[in-house]
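Trainee: One structure, pasted below without further comment.
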Number of protein chains: 2
Amino acid sequence: MASSDSRQTKFILDESRIPRTWYNIAADLPVAPSPPLHPGTGQPIGPDDLAPLFPMALIGQEVSAEREIEIPEPVRDAYRLYRPSPLYRAHRLERALDTPAHIYYKYEGVSPAGSHKPNTAIPQAFYSREAGVRRIATETGAGQWGSAMAFAGALFDLEVKVYMVRASYDQKPYRRILMETYGAEVVASPSVTTEYGRKVLSETPGNPGSLGIAISEAVEDAATRDDTKYALGSVLNHVLLHQTVVGQEALEQMEMAGEMPDVIVACTGGGSNFAGLTFPFLGRNFREGAGHRIIAAEPEAAPSLTRGVYAYDFGDTGRLTPLIKMHTLGADFIPEPIHAGGLRYHGMAPLVSLLKEHGFIEARSIHQRASFEAGVAFARAEGILPAPEPTHALRVAMDEAIAAREAGESKVILLNLCGHGHFDLASYERYLQGSLEDYEYPTEKVEAALAGLPTV
Amino acid sequence: MASSDSRQTKFILDESRIPRTWYNIAADLPVAPSPPLHPGTGQPIGPDDLAPLFPMALIGQEVSAEREIEIPEPVRDAYRLYRPSPLYRAHRLERALDTPAHIYYKYEGVSPAGSHKPNTAIPQAFYSREAGVRRIATETGAGQWGSAMAFAGALFDLEVKVYMVRASYDQKPYRRILMETYGAEVVASPSVTTEYGRKVLSETPGNPGSLGIAISEAVEDAATRDDTKYALGSVLNHVLLHQTVVGQEALEQMEMAGEMPDVIVACTGGGSNFAGLTFPFLGRNFREGAGHRIIAAEPEAAPSLTRGVYAYDFGDTGRLTPLIKMHTLGADFIPEPIHAGGLRYHGMAPLVSLLKEHGFIEARSIHQRASFEAGVAFARAEGILPAPEPTHALRVAMDEAIAAREAGESKVILLNLCGHGHFDLASYERYLQGSLEDYEYPTEKVEAALAGLPTV
């Protein structure tokens with residue numbers, strides 16, 4: 001399959017090569033994950049605890065130990081709208097960096113919603129529909145996840161209600177309009193449509209909202225309506241599972257390119273993008289000792305993997321979710337308003353946290369000016385304008401490529417370009433004008449938030 | 001090559017299938033085109049008249065009669081960043097319309113600039129660079145062409161200066177920032193950096209600008225600087241030529257799909273998008289009597305093909321360009337501010353006009369509310385959010401598919417989805433809110449503009 005053309009730029013799979021199964025890393029983990037706990041009892045939660053929020057098929061995936069989980073045909077059929085996504089060799093970026101390294105990027109911005117998020121929004125919509133659900137409630141911060149869920153809802157004829165963080169709702173109308181064009185209902189959170197929202201608004205009128213508040217509203221909405229389930233865009237095992245179509249395709253595409261990555265980089269907010277690209281390669285590490293070095297790139301303003309503690313904590317600030325064992329900066333910690341909205345999260349997926357804690361992956365934190373610098377260099381070399389989130393991975397990949405030049409050694413680098421930046425141009429303008437700020441690691445705020453960690 | 005999977009959605013070509021030549025329809029035309037005339041002498045212009053504005057390689061292509069013109073390897077290499085573009089079968093739209101018709105769309109939104117425009121921006125940048133040019137001056141209305149030229153300039157290390165119509169500059173900052181991210185300099189037109197701009201501003205301070213004014217500024221910039229050439233994104237023969245990569249790929253992809261289009265639809269502003277998709281199929285009509293029905297979709301607010309006169313006219317309102325024989329609403333006619341900015345042009349490419357005049361193609365005009373209705377239906381079925389321009393083609397294609405249902409007959413329809421609408425969401429919001437207006441055909445304004453047609 002390897003190309004004889006040394007300038008080949010895109011490695012493209014026919015849609016018959018869309019994976020037929022998701023890869024479940026739980027089957028290959030050398031260490032056992034810690035179960036989620038009920039916050040009231042401190043005991044492991046069971047399927048019945050989650051049934052009000054999720055269809056049973058997804059709860060089953062959440063706890064499955066099967067290595068391969070079949071992708072239903074209607075999901076594969078919807079994936080055809082944009083999958084397999086292309087793998088690119090970044091020839092022009094390599095030349096711009098004058099590096100002997102080979103840089104490859106998997107590009108998920110080809111999805112209609114513009115990021116990797118539909119990879120899980122589609123199956124979540126499908127399983128909900130199969131379970132007789134008519135309506136999905138979810139939250140969104142910057143709008144990537146809400147767009148994906150609105151798109152998936154349109155495909156499976158589901159009503160979608162999106163609680164969008166008030167600050168983003170006001171600042172990013174385009175993302176809201178995209179969701180509405182797909183037919184979703186979008187309200188600013190905190191809203192008057194939930195009890196929790198009304199409580200917040202009565203205590204703090206004009207509250208700009210947060211992802212934690214929006215999660216609490218969407219959870220309440222789903223828990224109090226029989227026709228409605230909740231959908232989450234990251235963190236949970238089944239969400240990470242769905243994203244493994246990305247890494248499975250990348251593995252096959254790297255085989256087409258005739259080489260395997262020495263280093264694999266992906267950005268991490270909740271962890272699903274990182275898991276999607278890297279878990280199939282980590283499986284090779286575990287099963288075959290493949291030796292891929294794997295690096296999580298996170299923002300200096302919310303560096304849960306590099307600076308957080310590994311402990312049981314809540315997934316939301318409202319403390320409604322189960323307790324999960326993860327790297328956390330404290331559920332009360334609200335990161336500074338960096339432009340990579342998808343990385344502004346206090347915690348990390350339990351599976352990604354476990355891998356970091358046991359040394360199977362590395363993590364590196366990046367300031368936003370350095371990440372935007374990488375994004376602009378990338379756009380000028382490769383054309384694609386990256387979303388602010390994957391510019392963190394780009395920064396790490398470019399630093400690795402520069403190190404390879406300085407060491408005079410070849411190296412194969414693979415990164416995940418998980419979305420385009422067409423809705424993020426205001427942040428590029430701030431970078432180009434020199435008015436983009438870096439935020440130092442907020443030691444005191446994190447210490448205060450960690451002081452509130454639940455005791456288990 | 002035909003697929004055995006009846007649900008196949010995307011027909012994808014390997015990048016080795018990027019065309020090696022552009023298709024020059026001049027070689028197959030059964031009627032002779034009328035030459036451009038010098039506005040002073042009324043005589044046909046020669047290469048020397050154009051030399052201050054364009055590199056000689058492009059002037060040669062403008063007048064070539066060769067059927068196939070080789071695409072230089074550096075251009076093909078840059079095309080690899082996004083070509084070949086995918087051809088989709090719109091299974092979900094067909095189901096939504098309950099039509100027996102097969103609907104295919106060629107999707108050019110995969111280019112980094114988001115439209116078909118880089119197909120000609122790249123060769124224009126390449127030939128300029130080859131000719132020793134350091135700098136390109138161009139204009140842009142809504143920003144699609146400016147983005148493409150800025151991207152192409154980054155690839156070939158050219159300075160790019162974009163005169164952006166003031167109204168768009170103020171209303172569409174994202175397009176401006178995208179150009180700046182690629183490294184281009186963008187000024188609002190009318191500007192103080194040209195003599196013509198200063199003249200306009202002194203006569204009408206606060207002038208919101210027009211494409212005609214911006215063209216005049218860019219032409220003056222290029223004509224008065226030795227290191228600078230001018231670049232245009234449509235209308236001219238060589239621009240249409242470069243776009244034929246679209247139709248050539250589509251022909252091969254339709255062969256993969258195992259059928260040929262009965263009807264081909266593309267939207268027309270200056271004509272390059274329409275030409276790109278349809279000329280290779282028209283070539284089959286001329287050479288083999290293939291019998292493809294070909295329809296140009298234009299806005300009711302600027303219906304040059306359906307309502308204009310076929311006459312010699314200026315390409316710009318400033319009356320600086322050569323006189324070209326085309327369907328025109330008069331060079332002084334400024335269309336109402338419909339949201340399909342790329343279709344707001346008083347004239348039409350001479351080659352497209354010639355084909356319409358002699359009955360080789362049809363034309364249909366569309367109101368913007370009907371086109372946005374088609375765009376929203378398409379987004380909900382297929383996921384991709386179309387730019388306002390190709391929703392005109394979508395409207396015609398959907399009407400053809402509905403007619404096929406009503407007649408109970410099968411039909412194969414191909415259309416060009418020439419760009420995404422990520423920078424056009426404000427117009428979708430107006431449509432969804434019901435506040436988008438239709439503009440009736442402006443009979444009196446056109447009559448007034450046509451009264452000023454030059455006498456030849």
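Trainee: Sort through A:Arg430, A:Arg380, A:Arg405, A:Arg395 and tell me the only one that's within 30 Å of A:Gly258 (Cβ to Cβ) and within 14 Å of chain B (Cβ to nearest Cβ). Break it down into steps so the answer makes sense when it comes.
Mentor: Details: A:Arg430 fails: within 30 Å of A:Gly258 (Cβ to Cβ); A:Arg405 fails: within 14 Å of chain B (Cβ to nearest Cβ); A:Arg395 fails: within 14 Å of chain B (Cβ to nearest Cβ).
Within the list A:Arg430, A:Arg380, A:Arg405, A:Arg395, the selection yields A:Arg380.
Trainee: If you check A:Thr268 against the conditions, is it surrounded by fewer than 24 Cβ atoms within 10 Å (Cβ to Cβ) and hydroxyl-bearing (Ser, Thr, Tyr)?
Mentor: The answer is no for A:Thr268.
Trainee: Sticking with this structure for a sec: Out of the residues in region A:121-145 that are under 11 Å from A:Val162 (Cα atoms) and assigned to a loop (DSSP other than H, G, I, E, B), state the one that is most open to solvent (accessible area, probe 1.4 Å).
Mentor: A:Gly141
Trainee: Which of the helices (runs of 4 or more DSSP H) found entirely inside region B:12-113 contain at least 2 residues meeting this: out of contact with any Ser or Thr (no Cβ under 9 Å at 6 or more places or on another chain) and within 13 Å of chain A (Cβ to nearest Cβ)?
Mentor: Output list reads B:73-79, B:91-97.
Trainee: Confirm whether B:Val376 is touching a residue at least 60 places away in the same chain (Cβ under 8 Å) and among the β-branched types (Val, Ile, Thr).
Mentor: So B:Val376 fails the test.
Trainee: Give just the number: which of (1) touching a strand residue (DSSP E or B) at 6+ places or on another chain (Cβ under 7 Å); (2) of a type in the set (A, V, I, L, M, F, W, C); (3) within 29 Å of A:Leu417 (Cα to Cα) does A:Leu13 not satisfy?
Mentor: Answer for A:Leu13: the failing condition is (1).
Trainee: The conditions are (1) open to solvent by 10 Å² or more (accessible area, probe 1.4 Å); (2) part of a strand (DSSP E or B), and A:Glu255 fails exactly one of them. Which is it?
Mentor: Only one criterion is unmet by A:Glu255, namely (2).
Trainee: Can you tell me which of B:Val446, B:Val456 is open to solvent by 60 Å² or more (accessible area, probe 1.4 Å) and either free of Cβ contacts under 8 Å to residues at least 24 places away in the same chain or aliphatic (A, V, I, L, M) (or both)?
Mentor: One residue alone meets the criteria, B:Val456.
Trainee: Of a type in the set (D, E, K, R), surrounded by fewer than 23 Cβ atoms within 10 Å (Cβ to Cβ) and without any contact (Cβ under 8 Å) to a residue 40 or more places away in the chain: does that describe A:Glu288? Even if it seems obvious, please write down each step before you answer.
Mentor: Working: of a type in the set (D, E, K, R): yes; surrounded by fewer than 23 Cβ atoms within 10 Å (Cβ to Cβ): yes; without any contact (Cβ under 8 Å) to a residue 40 or more places away in the chain: yes.
The answer is yes for A:Glu288.
Trainee: A follow-up question, please. Residue check, B:Val160 against (1) β-branched (Val, Ile, Thr); (2) in contact with a Ser or Thr (Cβ under 9 Å, 6 or more places away or on another chain); (3) more than 20 Å from B:Tyr79 (Cα to Cα); (4) open to solvent by less than 20 Å² (accessible area, probe 1.4 Å), all met but one. Which one?
Mentor: The one condition B:Val160 does not meet is (3).
Trainee: Still on this structure: Go through A:Ala311, A:Ala374 for me and flag whichever is in a helix (DSSP H, G or I) and small (Gly, Ala, Ser). Before the answer, list the steps.
Mentor: On the way: A:Ala311 fails: in a helix (DSSP H, G or I).
After ruling out the rest, the residue left standing is A:Ala374.
Trainee: Of (1) out of contact with any Phe, Trp or Tyr (no Cβ under 6 Å at 6 or more places or on another chain); (2) within 17 Å of B:Gln124 (Cα to Cα); (3) touching a residue at least 60 places away in the same chain (Cβ under 8 Å); (4) not small (Gly, Ala, Ser), B:Leu211 satisfies all except one. Which?
Mentor: Unmet for B:Leu211, out of (1) out of contact with any Phe, Trp or Tyr (no Cβ under 6 Å at 6 or more places or on another chain); (2) within 17 Å of B:Gln124 (Cα to Cα); (3) touching a residue at least 60 places away in the same chain (Cβ under 8 Å); (4) not small (Gly, Ala, Ser): (2).
Trainee: Right, another one. Looking only at region B:400-425, filter to residues that are without any contact (Cβ under 8 Å) to a residue 60 or more places away in the chain and within 22 Å of the chain's Cα centre (by Cα); which one of those is surrounded by the fewest Cβ atoms within 10 Å (Cβ to Cβ)?
Mentor: Per the stated criteria, the residue is B:Leu425.
Trainee: In the set B:Val376, B:Val396, which member is of a type in the set (Val, Ile, Thr) and surrounded by 24 or more Cβ atoms within 10 Å (Cβ to Cβ)?
Mentor: Matching residue, one of B:Val376, B:Val396: B:Val396.
Trainee: Could we say that A:Leu178 is among the aliphatic types (A, V, I, L, M), within 14 Å of another protein chain (Cβ to nearest Cβ) and farther than 21 Å from A:Leu58 by Cβ here?
Mentor: So A:Leu178 fits the description; yes.
Trainee: Residues B:Thr306, B:Thr317, B:Thr278, B:Thr321: which one is of a type in the set (Ser, Thr, Tyr) and open to solvent by less than 10 Å² (accessible area, probe 1.4 Å)?
Mentor: Details: B:Thr306 fails: open to solvent by less than 10 Å² (accessible area, probe 1.4 Å); B:Thr317 fails: open to solvent by less than 10 Å² (accessible area, probe 1.4 Å); B:Thr321 fails: open to solvent by less than 10 Å² (accessible area, probe 1.4 Å).
B:Thr278 is the lone residue from the list that is of a type in the set (Ser, Thr, Tyr) and open to solvent by less than 10 Å² (accessible area, probe 1.4 Å).
Trainee: Related question: Please specify each residue of region B:427-443 satisfying the condition of being free of Cβ contacts under 8 Å to residues at least 60 places away in the same chain and in a helix (DSSP H, G or I).
Mentor: Listed by number, the residues that qualify are B:Tyr428, B:Glu429, B:Leu432, B:Gln433, B:Thr443.
Trainee: Among the residues of region A:146-159, which ones are within 19 Å of A:His116 (Cα to Cα) and not in a helix (DSSP H, G or I)?
Mentor: A:Phe156 - this is the single residue of region A:146-159 that is within 19 Å of A:His116 (Cα to Cα) and not in a helix (DSSP H, G or I).
Trainee: Something else: Could you count how many residues in region A:335-362 are modelled with pLDDT of 95 or more, touching a helix residue (DSSP H, G or I) at 6+ places or on another chain (Cβ under 9 Å) and either polar (S, T, N, Q) or open to solvent by less than 20 Å² (accessible area, probe 1.4 Å) (or both)?
Mentor: Here the count works out to 7.
The values are calculated or read from the model by the stated rules, or taken from the named source; none is laboratory data. Note that the structure is predicted; figures quoted are calculated from it, not measured. Note that we place each Cβ from the backbone using ideal geometry, even for glycine, and neighbour counts take in every protein chain shown. Ligands, DNA and RNA are stripped out before the accessible areas are found, and what is left, the full protein with its side chains, is counted by its heavy atoms. Shrake-Rupley method; radii C 1.70, N 1.55, O 1.52, S 1.80 Å.
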